[in-house]
Amino acid sequence: MTFEASARVESVPPSGIRRFFELAEEYDDIISLGVGEPDFAPPWAARDAAIASLERGQTSYTANRGKRELREAIAAHAADAYDLSYDPDEEVLVTTGVSEGIDLAYRAFLDPGDAVAVAQPCYISYIPGATFAGAEVVDVPTRAADEFTLTRAALERSGAADAEMLVLCYPNNPTGATMTREELEPVAKFAREHDLLVLSDEVYADLTYEHEHASIATLPGMGERTVVFNGFSKAYAMTGLRLGYAMGPPEAITAMNRIHQYTMLSAPTTAQHAAIEALETCEGAVTEMAAQYDRRRQFVLSRFEEMGVDCFPASGAFYAFPECPWDDGDAFAEALLEDQRVAVVPGSVFGAGGEGNLRVSYATGLGQLREAMNRIEAFLS
Amino acid sequence: MSSREEILALLRDNARYTTDDLARMTDTDEATVEETVAALEEEGVIKGYQAIVDYSKLEPEPVRAAVELNVTLDRETGYDDIAQRLAKFPEVKGLRLVSGDFDFALEVEGDSMSEVSRFISEKVAPVPEITQTVTHYVMESYKEHGVEFGDGHDDDRLSVSP
Ligand SMILES: Cc1ncc(COP(=O)(O)O)c(C=O)c1O
């Protein structure tokens with residue numbers, strides 16, 4: 001009797017991020033632009049609400065779908081901020097991070113052999129998650145020439161028409177790309193024409209700098225075929241509290257909740273208390289954090305421009321995605337780490353279309369950012 | 001936000017940002033930043049730039065007090081007259097007219113408690129319009145100008161993460 005990993009598990013390689021993390025851990029004097037989470041602490045009011053709930057001993061399970069008060073606040077925020085209309089009782093599910101939500105959607109709607117079209121470069125869990133659910137992944141690479149937006153041409157070229165489901169994420173990790181309503185329209189049309197379900201990861205929605213965030217679910221005929229994911233990790237800097245939510249048609253949420261009620265019971269209770277407070281009173285803190293990211297974004301983009309490094313004007317999340325000055329991005333990132341003690345992540349880690357670029361996170365104070373950019377400049381010259 | 005407001009917000013956050021930093025963060029050029037800052041200074045919007053210091057780390061530690069002042073006004077003397085007189089003393093680091101139970105909130109600094117007491121009793125209390133002073137010595141400072149004095153929030157993030 002041995003624990004031999006299943007074929008599904010065996011078919012998924014360990015994450016490329018992990019390898020870079022281990023390399024970076026060998027040095028203790030690095031400046032890391034490789035971090036995929038905020039450098040801020042969550043707004044104090046939210047932390048305080050979590051502490052108060054612990055003091056009151058409010059640590060039992062909640063309703064499977066999450067506390068009603070939280071679902072109401074989520075629905076109100078979605079309506080207010082993004083023009084999305086969801087019923088808190090039937091169309092909202094509170095999850096243990098967006099991560100759980102995506103996994104639930106895969107398992108709820110995919111049968112073995114179904115195809116999932118994944119717009120890439122993308123967050124590292126989309127592809128393994130689909131594999132764990134027994135589905136096949138159709139790579140849909142996006143291109144620097146399109147500023148990493150998803151186009152109809154990219155969908156057509158990749159054969160996404162034959163898929164059951166499309167996964168997209170704007171603002172995007174790792175590229176920092178965003179999409180306007182007009183840019184989303186052809187994608188929505190494609191999804192309607194080919195009858196695709198859509199998973200839209202909008203966890204960075206509040207960190208959109210050049211225009212209003214637009215959700216694909218607000219486009220005609222899209223609400224009924226889309227599940228929108230959002231959460232508290234990025235805009236509220238609550239990564240370790242592990243809280244997110246999914247919003248979609250009642251039958252979608254019911255199916256996802258069928259899995260969630262058995263495998264998770266309910267999302268972390270303490271985090272739900274923090275999240276209610278976050279939605280009700282912390283908008284100002286979110287705006288302030290977003291303003292700081294935006295300034296750093298401009299700083300980084302202008303430094304790359306000065307260095308002559310090609311970098312499209314990333315407009316969301318907290319990443320820039322410059323073109324790698326060398327052909328081999330992995331080798332570049334390793335050499336930069338060894339030589340200058342600056343960590344960036346090679347784009348190859350994030351799937352198709354990312355090979356020629358580097359992910360540079362600006363979730364770091366300006367002092368460190370300035371120094372890191374100076375070191376990159378020194379490395380290049 | 002206009003670039004003027006943006007630059008002001010940034011300087012209020014950190015007055016030591018360089019002109020180059022400010023230009024990059026607000027997507028303008030250095031000349032524009034210099035002009036904007038000069039205008040803000042000239043118009044008296046920006047009154048000065050100072051370091052935020054944790055006094056408990058100074059040797060010897062200066063003594064500070066918050067003093068509540070009550071005044072009576074008459075036909076010849078208004079709040080501004082009294083304020084102007086008090087503000088001239090170098091020992092007075094802050095002076096605000098406030099609403100509520102007292103009229104002025106005064107911030108006084110000196111080398112020792114006796115020096116501060118002497119200043120209040122000899123220079124402030126004798127001002128004819130001042131009817132009452134209540135002095136609160138600062139015992140511990142937790143936050144000044146928006147900056148917390150604790151150890152702050154440690155960066156416990158992994159060095160590379162998804
Ligand atoms: C695009 C994207 N989606 C989801 C996640 C995970 O979010 P959560 O912490 O809510 O599971 C991340 C985290 O890096 C992300 O970048």
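Side notes on the structure shown:
- Residue match in segment A:87-98 (condition: within 18 Å of the chain's Cα centre (by Cα), assigned to a loop (DSSP other than H, G, I, E, B) and within 14 Å of another protein chain (Cβ to nearest Cβ)): no
- Residues of segment A:140-151 that turn out to be under 18 Å from the mean Cα position of the chain (by Cα) and assigned to a loop (DSSP other than H, G, I, E, B), as a count: 5
- Qualifying residue in segment A:265-286 (condition: without any contact (Cβ under 8 Å) to a residue 60 or more places away in the chain and closer than 30 Å to B:E6 by Cα): yes
- Residue within segment A:8-29 that is surrounded by 20 or more Cβ atoms within 10 Å (Cβ to Cβ), outside the structural domain of A:G244 (by TED's automatic domain parsing) and away from the ligand (no atom under 15 Å from the Cβ) present: yes
- Filter result (open to solvent by less than 40 Å² (accessible area, probe 1.4 Å) and more than 16 Å from the ligand (Cβ to nearest atom)) within segment A:92-128: A:A108, A:L110, A:D114, A:A115, A:A117
- Subset of segment B:1-60 [within 30 Å of B:V108 (Cα to Cα), of a type in the set (D, E, K, R) and within 14 Å of chain A (Cβ to nearest Cβ)]: B:R12, B:D13, B:R16
- Restricting attention to segment A:1-43 and to residues that are of a type in the set (D, E) and assigned to a helix (DSSP H, G or I), the residue that is farthest from the other protein chains (Cβ to nearest Cβ) turns out to be A:E10.
- Residue that is least open to solvent (accessible area, probe 1.4 Å) [pool: residues in segment B:137-162 that are hydrophobic (A, V, I, L, M, F, W, C) and under 27 Å from A:G347 (Cβ atoms)]: B:V160
- Some residue of segment A:273-286 being at positive phi and either within 15 Å of the ligand (Cβ to nearest atom) or of a type in the set (K, R) (or both): no
- Number of the condition not met by A:F229 [criteria: (1) in contact (Cβ under 8 Å) with a residue 60 or more places away in the chain; (2) more than 16 Å from the ligand (Cβ to nearest atom); (3) more than 14 Å from chain B (Cβ to nearest Cβ)]: (2)
- Options A:E334, A:E280: the member that is under 29 Å from A:R18 (Cβ atoms) and surrounded by fewer than 21 Cβ atoms within 10 Å (Cβ to Cβ): A:E334
- In the condition set (1) open to solvent by 80 Å² or more (accessible area, probe 1.4 Å); (2) at pLDDT 95 or above; (3) aliphatic (A, V, I, L, M), B:V63 is compliant with all but (1).
- Residue satisfying condition, being within 30 Å of A:E55 (Cβ to Cβ) and not assigned by TED's automatic domain parsing to the domain that holds A:E147, within set A:M289, A:M264, A:M238: A:M289
Condition check ((1) within 14 Å of chain B (Cβ to nearest Cβ); (2) over 22 Å from the mean Cα position of the chain (by Cα); (3) within 24 Å of A:K234 (Cα to Cα)) across all residues:
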{"position": "A:A49", "(1), (2), (3)": "no, yes, yes"}
{"position": "A:N64", "(1), (2), (3)": "no, yes, yes"}
{"position": "A:A105", "(1), (2), (3)": "no, no, yes"}
{"position": "A:D114", "(1), (2), (3)": "no, yes, no"}
{"position": "A:T131", "(1), (2), (3)": "no, no, no"}
{"position": "A:V138", "(1), (2), (3)": "no, no, no"}
{"position": "A:G159", "(1), (2), (3)": "no, yes, no"}
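- You will find that of A:L196, A:L150, the residue that is in contact with a Leu (Cβ under 9 Å, 6 or more places away or on another chain), closer than 30 Å to A:Q292 by Cα, surrounded by 16 or more Cβ atoms within 10 Å (Cβ to Cβ) and in contact (Cβ under 8 Å) with a residue 24 or more places away in the chain is A:L150 and no other.
- A:L168 vs. criteria within 11 Å of the ligand (Cβ to nearest atom), farther than 13 Å from A:T142 by Cα and hydrophobic (A, V, I, L, M, F, W, C): no
- Criterion: within 14 Å of the ligand (Cβ to nearest atom), in the same structural domain as A:E212 (by TED's automatic domain parsing), modelled with pLDDT of 95 or more and not in a strand (DSSP E or B) - qualifying residue of A:A177, A:A161, A:A188, A:A154: A:A177
- Of the residues making up segment A:191-222, those that are within 29 Å of A:G284 (Cα to Cα) and away from the ligand (no atom under 16 Å from the Cβ) are A:Y209, A:E210, A:H211, A:E212, A:A214, A:A217, A:T218, A:L219.
- Single match in A:D39, A:D83 (criterion: within 16 Å of the ligand (Cβ to nearest atom) and either in contact with a His (Cβ under 8 Å, 6 or more places away or on another chain) or open to solvent by 10 Å² or more (accessible area, probe 1.4 Å) (or both)): A:D39
- Test result for A:L166, over 19 Å from A:A214 (Cα atoms), open to solvent by less than 20 Å² (accessible area, probe 1.4 Å) and either outside any strand (DSSP E or B) or modelled with pLDDT of 95 or more (or both): no
The values are calculated or read from the model by the stated rules, or taken from the named source; none is laboratory data. Just so it is clear, the model here is predicted, and its values are computed rather than measured. Note: ideal-geometry Cβ built from the backbone for every residue, glycine included; neighbour counts use all protein chains shown. Accessible surface is based on the protein model in full, side chains and every heavy atom, while ligands, DNA and RNA are left aside. Shrake-Rupley method; radii C 1.70, N 1.55, O 1.52, S 1.80 Å.
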